[in-house]
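The values are calculated or read from the model by the stated rules, or taken from the named source; none is laboratory data. Being a predicted model, the structure only gives us computed values, none of them experimental. Because the Cβ atoms are built from the backbone with ideal geometry, glycine has one as well, and the counts that use them run over all protein chains shown. With ligands, DNA and RNA removed, areas are computed over all heavy atoms of the protein, side chains included. Shrake-Rupley method; radii C 1.70, N 1.55, O 1.52, S 1.80 Å.
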Number of protein chains: 2
Amino acid sequence: MNTEKKDPSSITIRDVARKAGVGVATVSRVLNNSEAVTEETRRRVQATIAELKYVPNPIAQQLSTGRHDAIAVTLPFLTYPSFVERLRGVQHALASTKFDLMLYSADVPDNPGKPPLPISKLRADGVLIISVPLDDSHVQQFLNSGLPVVLVDLFHPDHHRVFVDDIEGGRLATQHLVDLGHKRIAFLGDAFDEHKTFQAMRERFKGYRETLAAAGIPFRPEYHQQGPHGREEARVMAAALLDMDKPPTAIFAGSDTQAIGVLDVANERNIAIPQELSVVGYDGIRDSEFLDLTTVAQPLYESGIAGVELLLAILQDEPATPQEVRLPLALLPRGSTAAPRT
Amino acid sequence: MNTEKKDPSSITIRDVARKAGVGVATVSRVLNNSEAVTEETRRRVQATIAELKYVPNPIAQQLSTGRHDAIAVTLPFLTYPSFVERLRGVQHALASTKFDLMLYSADVPDNPGKPPLPISKLRADGVLIISVPLDDSHVQQFLNSGLPVVLVDLFHPDHHRVFVDDIEGGRLATQHLVDLGHKRIAFLGDAFDEHKTFQAMRERFKGYRETLAAAGIPFRPEYHQQGPHGREEARVMAAALLDMDKPPTAIFAGSDTQAIGVLDVANERNIAIPQELSVVGYDGIRDSEFLDLTTVAQPLYESGIAGVELLLAILQDEPATPQEVRLPLALLPRGSTAAPRT
DNA sequence: CTGATCTATGGAACCGGTTCCATAGTAACA
DNA sequence: TGTTACTATGGAACCGGTTCCATAGATCAG
């Protein structure tokens, strides 16, 4: 529909070869500075390249080499700050490489159940899957495709991954509250899903229960609220907790977003934080600092960087066994937690 | 370095042609369901394709058609919610098309002055530039490259764009404060830069001054604070305003992020909002709702959608003159503004 | 019934690189 | 000085599609 575009870069490698009086193979060698080319011919070719303002066509390079020089990144729709923060890390890490970043959203509004990406037509050398709960059939597709995959914030035994120890994180948060003297500690988080790769919430909960048990505090099922992720949804769950006859004196929320929902409710009801209610979040997003929220900080930005680095390493070596990179967690005690009133 | 990858998709169009007993041209015709192919041969070819699980190699398609089936999106590093919101719109709009999304960050920490993207090696059919202040030399490069470009939240006379009327937005915010009876109205925003395509802040300021003038309120230069963007930076500017002998009774912040910085300071100093100080923001990010911040809402998500739609339309038609799509603004009066105390 | 027109189809060129392989020229060795 | 082993280089095949162009067979008009 458009035959004669303005094409300043329609100069091909053959034009360069002809003008420089060499063969195309030699030009190609100069471009990839491979093998031995006489210093003199190299200079001549380079001069011609500069003169003609020749730029190699990346698509042709891809076709003949089989490489794409691109990484596909899938992550949930960018509604939560933690995903964005991870993506920033990915972007940063990729910026200093030759790889481009192809972004795929796993969950487009129109099409909630859609498989994250059409693997067969993926034009990338590797895939980074961040926080997208995949079910087994998708995981299998990736394994079959032979495309290198790195999971971030996800777990599957057959895949490389970058992770934090969420059980430990659950312990850190809960132990902090126990240490402050709390006995009535609630957990507010996402609903669990057995069949998915996203297990973080389950593990945080596990750490919570272990710590309660170790402290000799019985687990009270009514103190465990679970529901869809989101600030609004968290408000509803927090309200349910605070409406109880014996409301908790501390709430451990599975994410900062949810913790902020708890703070909203406390604010509405004039419940003093931390005097009347202690709140701990999880993630360490930027807002947690502004809100003076005690939280278990995980290296979000760094996880993006680590994911890229791991993927690039795998692209080179193709290791036989799944590689794992563990990132550290840190409890950041801030103003939203204190000893309970006695 | 890796000669024999597992290659389930190493079946080529010629394999299909041979097996189906037709020519490659016919297979190609079936793939692109172009021209006339007998219903019978079509079926036979399709059966063979299914049987062999043949998937066309996208790179080869790109090479021969010259298309990329990808859109490059450049935007500032994802530090502010408004950029993310726009990106979400882009992502959503692209999801229902055949186009992939290649993400480029204009401002990588390591490399602040770096040109947004290496145009020559851009593997995309078009470019969407969102909120990235470009200087003229970059704009020129794009124009020379012949690559279709759409600007979102930016202005340049030679480029297509999606925009809001920021002068009008400045008027809306200021008029709202004037109508409430304020006389001492400050403006707090980014520093201007003549040579860039990002002119929004200047225009909001222009709307502010026009409205003041129309209301017969003299402009007081000391009520105009400008500095780098950011919540923290806004706190400093807000503090300067509130430290004055005759502090403003209302502050119009050029963005919600900056307005939130103002609220921070008010909160620290126990200045009652809106009784002692009215605050108006700009953008309508999600947090503005939670914070009950009066703001001039612009359609951020929709701007991403509109940008993609405009770009795709241009890809088809290549219109001779720059196209413009204007999106509406709306003042959302909320709890952060009220009449001044007399 | 025959020549003209149309339709479905196949072969081959093409997109623009990379790389295998053959070769001419030179260096090294005996 | 003759033979061998390199080295630098060019030609051509190749990656896997799309599409131009030629052709065989079918259809139609006179």
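Brief remarks follow.
- Every residue from the stretch B:6-26 that is within 7 Å of DNA strand D (Cβ to nearest atom) and in a helix (DSSP H, G or I): B:Ile13, B:Arg14, B:Val24, B:Ala25
- Selection from the stretch B:43-91 of residues that are within 16 Å of DNA strand C (Cβ to nearest atom), more than 8 Å from chain A (Cβ to nearest Cβ), open to solvent by 40 Å² or more (accessible area, probe 1.4 Å) and assigned to a helix (DSSP H, G or I): B:Arg43, B:Arg44, B:Gln46, B:Ala47, B:Gln61, B:Ser64, B:Thr65
- The C-beta contact set for the stretch A:322-340 (first residue outside the structural domain of A:Asp179 (by TED's automatic domain parsing), second residue open to solvent by 60 Å² or more (accessible area, probe 1.4 Å) and among the polar types (S, T, N, Q), distance under 7 angstrom, 6+ apart or interchain) comprises A:Ala338/A:Gln275.
- Close pairs from the stretch B:13-24: first within 14 Å of B:Lys53 (Cα to Cα), partner near DNA strand C (Cβ under 7 Å from one of its atoms) and polar (S, T, N, Q), Cβ under 9 Å, at least 6 apart: B:Ala17/B:Thr26; B:Ala20/B:Thr26; B:Ala20/B:Thr41
- Filter pass, A:Gln225 being open to solvent by 70 Å² or more (accessible area, probe 1.4 Å) and farther than 21 Å from A:Ala106 by Cβ: no
- On the stretch given as the stretch B:95-133, residues that are more than 8 Å from every other protein chain (Cβ to nearest Cβ), at pLDDT 80 or above and open to solvent by less than 50 Å² (accessible area, probe 1.4 Å) total 12.
- A:Gly284 vs. criteria touching a residue at least 40 places away in the same chain (Cβ under 8 Å), small (Gly, Ala, Ser) and touching an Asp or Glu at 6+ places or on another chain (Cβ under 9 Å): yes
- Cβ pairs under 8 Å, 6+ apart, first in the stretch A:133-161 and assigned to a loop (DSSP other than H, G, I, E, B), second acidic (Asp, Glu) and at pLDDT below 85: A:Pro133/A:Asp193; A:Gly146/B:Asp7; A:Pro148/A:Glu318
- Residue in the stretch A:27-36 that is at pLDDT 90 or above, open to solvent by 70 Å² or more (accessible area, probe 1.4 Å) and either near DNA strand D (Cβ under 9 Å from one of its atoms) or within 13 Å of chain B (Cβ to nearest Cβ) (or both) present: yes
- Residue in the stretch B:2-18 that is over 30 Å from B:Val90 (Cβ atoms), near DNA strand C (Cβ under 9 Å from one of its atoms), at pLDDT below 90 and within 14 Å of chain A (Cβ to nearest Cβ) present: yes
- Residues that are of a type in the set (A, V, I, L, M, F, W, C), open to solvent by 30 Å² or more (accessible area, probe 1.4 Å) and more than 11 Å from A:Gln199 (Cβ to Cβ), drawn from the stretch A:147-170: A:Leu147
- Residues satisfying the stated conditions in the stretch B:279-311, i.e. surrounded by fewer than 23 Cβ atoms within 10 Å (Cβ to Cβ) and within 14 Å of another protein chain (Cβ to nearest Cβ): B:Arg286, B:Asp287, B:Glu289, B:Phe290, B:Leu291, B:Asp292, B:Tyr301, B:Glu302, B:Ile305
- Hits in the stretch B:222-276 (condition: hydroxyl-bearing (Ser, Thr, Tyr) and more than 30 Å from the chain's Cα centre (by Cα)): B:Thr249
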